[in-house]
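Here the structure comes first, spelled out in structure tokens, and everything after it is commentary.
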Amino acid sequence: MNAIELKKKLKQSGTSIPDTLYVRSHRALSWLTCAEENNANLDLQFITLWIAYNSCYAIDEKYDDSASTEKDRYNEFVTKLVSHDIENRFFNLLWDKFSGPVRLLIENEYVFKPFWDFQRSHNKNWKKLHYQSISASNRYLAKHEVTKLLEVVLDRLYTLRNQIMHGGATYKSKVNRSQVRDACNILKSLVPIIIDIMIDNGDEDWGKVYYPVVNSAVLI
């Protein structure tokens, strides 16, 4: 499904989903729309796709009593999503794309955090860790361990997100084209599935929305 189809579905849901989920989905869809409009610009597409994804899982820390990190929270979010994926869409997506962008992203050392830790004189065994991660990913795929495979993929995407969002990459750089391209190919298929599952499961607790709407303005 694309952004237009999901927007229609969200509007049709009406009062069947909580206001917080409506706001969360509305925001995510606005950024997904932006990503679809910038299909020719990989950097902007990746940034807007990540914001769309972030809109789905980010919760107001004021209401989060745990000491979990952001990575912990999105891993919990992925577990919850997979539990509602009765059609196995995540696995089908990963299986379909594993020979392409998923495998290439997992094998790319430039989106593997220990590689960058090594550049800072940490984690000298990053090559061993990288090999183990690749092997684990193949095993997760073979055993249909969708949550674990998704966590590996999102971990790679998160490293790329940090690099770009913290100014560690040049706009339209030739150096990182392959990982940005692969990331976009994954996220533009992954994000619509996430939003669709959330809309279909309005009775699930998706958490307090980050920066809630504080006036009665109508969402357009």
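The values are calculated or read from the model by the stated rules, or taken from the named source; none is laboratory data. Predicted model only: the values in this text are computed from it and were never measured. When we count neighbours, we look across all protein chains shown, and the Cβ atoms used for this are built from the backbone with ideal geometry, even at glycine. Heads up: the accessible areas ignore ligands, DNA and RNA and are worked out on the full protein's heavy atoms, side chains in. Shrake-Rupley method; radii C 1.70, N 1.55, O 1.52, S 1.80 Å.
Points to keep in mind about this one:
- Alpha-carbon geometry of region 1-111: the Rg and the Dmax are 15.8, 46 Å, given in that order.
- Scaled against 2.2 N^0.38 Å for its residue count N, the alpha carbon radius of gyration of the chain is 1.03.
- Computed over Cα pairs, the Kirkwood radius of region 88-219 leads via Stokes-Einstein (1.306 mPa s, 10 °C) to a diffusion coefficient of 95 µm² per second.
- One chain, two ends: Asn41 and Asn215. Fully extended at 0.36 nm per residue, the span grows by 59.2 nm beyond their Cα-Cα distance.
- Residues His130, His26 ordered from highest to lowest accessible area at a 1.4 Å probe: His26, His130.
- Summing charges over neighbours of Cys184, with a neighbour being any other residue whose Cβ is under 14 Å away from its Cβ, gives +3 when K and R count +1 and D and E count -1.
- Note on Lys9: aspartates and glutamates with a C-alpha under 14 Å away, same-chain residues under 8 apart excluded, are Asp196, Asp200.
- Taking the charge dipole of the chain about its Cα centre, with +1 at Lys and Arg Cβ atoms and -1 at Asp and Glu Cβ atoms, the residue from Ser178, Val78, Ser133 reaching farthest to the positive side is Ser178.
- For the set Tyr57, Tyr140, the ranking by accessible area, highest first and with no ligand, DNA or RNA atoms included, is Tyr140, Tyr57 under a 1.4 Å probe.
- With protein chains left intact and a 1.4 Å probe, residues in the chain average 55 Å² of accessible area per residue.
- Area accessible to solvent at His84, 1.4 Å probe radius, in Å²: 50
- Of Lys127, Lys208, the order by accessible heavy-atom surface (1.4 Å probe, DNA, RNA and ligands excluded), from most exposed downward, is Lys127, Lys208.
- Taking only alpha carbon atoms, region 107-171 gives an Rg to Rh ratio of 1.02, where Rh is the Kirkwood radius.
- Placing unit charges on each Cβ (+1 for Lys and Arg, -1 for Asp and Glu) gives the chain a dipole about its Cα centre, and among Asn2, Ala142, Pro18 the Cα reaching farthest toward its positive end belongs to Ala142.
- Heavy-atom accessible surface of the chain: percent carbon and sulfur, 1.4 Å: 52
- Spatially close lysines, pair count over region 129-218: Cα under 29 Å, gap of eight or more or interchain: 6
- Unit charges on C-beta of K, R, D, E only; dipole of region 1-154, Debye: 340
- For region 141-206, size of Cβ-based charge dipole, Lys and Arg +1, Asp and Glu -1, in debye: 800
- Relative to the current alpha-carbon distance between Lys8 and Glu145, full extension at 0.36 nm per residue lengthens the span by 46.1 nm.
- For region 68-120: rounded, prolate or oblate by the Cα gyration tensor [a/c cutoff 1.5]: oblate
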